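First comes the structure, then the notes that go with it.
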Amino acid sequence: MMMALMLAADDVGLATLGIVFSQLMGWVATVCTTIASTPLLLLPVGVFIAFSVIAIAKSFIGR
């Protein structure tokens, strides 16, 4: 009986996690669409991403 309750709770938790993840991906897609459709936003976001990638690469390579 206890194992069945634990499995049911696990299923509910996974279902809830799936709903949250789906909603989060929807928000990310909306933000990405807005940034891509607005050139004024595209430039600073692109520069930020480029510098972030360079900084991460430097930390992996070392000095």
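The values are calculated or read from the model by the stated rules, or taken from the named source; none is laboratory data. In this text the structure is predicted, and so the values were computed from the model without any measurement. Don't worry about glycine lacking a Cβ; one is built from the backbone with ideal geometry, like all the others, and counts go over all protein chains shown. Ligands, DNA and RNA are excluded from the accessible area calculation, which covers all protein heavy atoms including side chains. Shrake-Rupley method; radii C 1.70, N 1.55, O 1.52, S 1.80 Å.
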Cβ pairs under 6 Å, 6+ apart, first in region 27-44 and open to solvent by 70 Å² or more (accessible area, probe 1.4 Å), second among the small types (Gly, Ala, Ser) and part of a helix (DSSP H, G or I): none
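When you check residue 2 against the structure, is it open to solvent by 80 Å² or more (accessible area, probe 1.4 Å) and modelled with pLDDT under 90, yes or no?
Criteria met by residue 2.
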Can you find a residue that is open to solvent by 100 Å² or more (accessible area, probe 1.4 Å) and either touching a Phe, Trp or Tyr at 6+ places or on another chain (Cβ under 6 Å) or modelled with pLDDT of 75 or more (or both) anywhere in region 8-15? no
